[in-house]
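The block underneath contains the structure these notes are about, expressed in structure tokens.
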Amino acid sequence: MTVMELNQQAHDLARKTSKLLIDGEWVEAASGKTFETLNPASEESLGWVAQGEAEDINRAVRSARRCFDDERSDWRRMTASERGKVLHRIGDLIERHADELALLETLDNGKPITVAKAADVALAADLFHYMSGWATKIEGNTIPISHVTSPGSEFLAYTRKEPVGVVGQIIPWNFPLLMAAWKLGPALAAGVTVVLKPAEQTPLSALRLGELMLEAGLPAGVVNIVTGFGDAGAALAAHDSVDKVAFTGSTEVGRLIVQAAVGNLKKVTLELGGKSPQVLYKDADMDVAIPGAANGIFFNQGQCCNAGSRLYIQKDVFDNVVQGISDEAKKITVGPGIEPDTQMGPLTSAEQRDKVLGYISSGFDAGARAASGGGRVGNRGYFVEPTVLTDTTPDMKVVREEIFGPVVVAIPFGSEEDVVRSGNDTSFGLASGIWTRDINKAHRTANRLRAGTVWINCYSVFDAAMPFGGYKESGWGREMGHNALDNYLETKSVVAKLA
């Protein structure tokens, strides 16, 4: 299929997926408003999508509430095994429509289509398949009561794991389909009902996923999808009929989510930002470490919460490694994600491009130097050069703040003690990487870095069974693995007197 044909197919798909999913029906926004979604590589329109607002959130929450509260609803009457089968069918349908979903993701988000299919779509399908098996394994415990106020009495004490209720889920634009899967998979395995709010920059794959979930047999009202802007997300986070909100995005917006949830003290989980350190020791295998560290920051255009954006390099090899990372950056083919040879696409929006370029400028103003990159690519689309900055100081914004783009700061260090101290000198604690041949030093450093994930001689390795989340201001709770089920479950203790 030619690039022109792929573009036409994407436009056709965008026109199909333009409404809100509420109570199993595709409906217009209550206001009738729509908004445009753009191709970040060309700045051209992909189509118009319903602009959900507070009234649409109300409709969606009412639907989810009815579906959850009615014990005779198809969803509540489903056995755990039946829920698991629906989840598995969703994973199967994602695999069956992999080309279509990858195309939507590329045209709406900008990432290379090869990455969208091999990573985003494949991992989304795997997540649903993995969570389908957990639906039948949500269990309580029996507890022997060792002290009671009535000597000689016998009791049966046990715990039950029950779904938390109606959940609002708000997902970001960097991995739209995959983040929807991370949220929906464990939630549906646990038996909750959901109102999903996708990012306004990338609504298309979530809407297509909604169609596939209905095709898989998910009952009406279980998952409702409301596209729109921040006001819709705020209404969802504050809604008194929502029992829990799960959010992935920036730490700044995460704070607003927490404030909005105070009204009815709803439960909150947050997967937030990062400023993740990569530690490259002088004894590392440079043939592995240099391209690996480069991929740790430049993958997905640097638009990863776990991006290894602070690269600490031992002084003895600093100049050689900076040269190697810069050479890797210069080799990256930047272009439209739909082109088969593209290795790095555009950033997802003009706003994000301008934000990243602003950070680079602030670095230059403060005395940083670009070993490679440092500017925009072309004059159309939201492209930014893969950039390596040196001569930074710890107080610079490019060192302290999350840039969320293809920008790495290279920082020399002396000893293991020094790099642990510097690596932990951040308000974030999402991820980190270590490059060394010394296995003892690798694990010593891993133990001392305050981060939810530490990769050793690799970076950005994910699996549906491996929990992911952060320390400090990088969030509350964990995604993936069986840990994610706890986000959507309540524990009930039951005590019965037998004699």
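The values are calculated or read from the model by the stated rules, or taken from the named source; none is laboratory data. Because the structure is a prediction, the values reported are computed rather than measured. With ideal geometry, Cβ positions are generated from the backbone for all residues, glycine too; neighbour counts draw on all protein chains shown. The protein model used for the area step is the full one, side chains on, heavy atoms only, and it has no ligands, DNA or RNA in it. Shrake-Rupley method; radii C 1.70, N 1.55, O 1.52, S 1.80 Å.
Working from Cα pairs under 8 Å separated by at least six residues, relative contact order for the range 206-304 is 19 percent.
Per residue, the range 390-499 exposes 45 Å² of solvent-accessible protein surface, assessed with a 1.4 angstrom probe and all protein chains in place. Length gained on full extension, V27 to V461: 152.4 nm, using 0.36 nm per residue less the C-alpha separation. Once C-alpha pairs closer than 8 Å and six or more residues apart are averaged by separation and normalised to the residue number of the range 270-397, the relative contact order reads 21 percent. Dipole of the chain computed with +1 at Lys/Arg Cβ and -1 at Asp/Glu Cβ about the Cα centre; of I290, A122, A60, farthest Cα towards the positive end is A60.
Restriction of the trypsin sites (Lys or Arg not before Pro) in the range 331-404 to DSSP coil positions whose beta-carbon has at most 15 other beta-carbons within 10 angstrom yields R380. Here is how the number arises for the chain: DSSP H runs of 4 or more residues each give -39500 (n - 2.57), the sum is divided by the residue count, and the result at 222 nm is -11500 deg cm²/dmol.
Normalised by the number of residues in the chain, the average gap of Cα pairs under 8 Å and 6 or more apart makes the relative contact order 18 percent. The structure shown yields Cα extents along the principal axes in Å, and of the options (i) 71, 50, 45; (ii) 75, 63, 38; (iii) 69, 65, 35 that calculated value carries the label (ii).
The smallest convex shape that holds all Cα atoms of the range 223-373, its convex hull, gives 172 Å³ per residue. For the chain, a simple Cβ point-charge model (Lys and Arg +1, Asp and Glu -1, everything else neutral) yields a dipole of about 1180 debye relative to the Cα centre.
Placing unit charges on the Cβ atoms of the charged side chains and taking the dipole of the range 392-456 about its Cα centre, the candidate lying farthest along the positive direction among V408, F428, V454 is V454. Have a look at N39, M131, P163 and report the one farthest towards the positive end of the charge dipole of the chain, computed about the Cα centre with Cβ charges (Lys/Arg +1, Asp/Glu -1). Looking along the dipole axis, the top candidate is P163. So if R0 is 35 Å, what FRET efficiency would S45 and K330 give, r being the distance between their Cβ atoms, rounded to the nearest 0.05? Calculated value: 0.60. Ligands, DNA and RNA excluded, the heavy atoms of Y471 present near 80 Å² of accessible surface to a 1.4 Å solvent probe.
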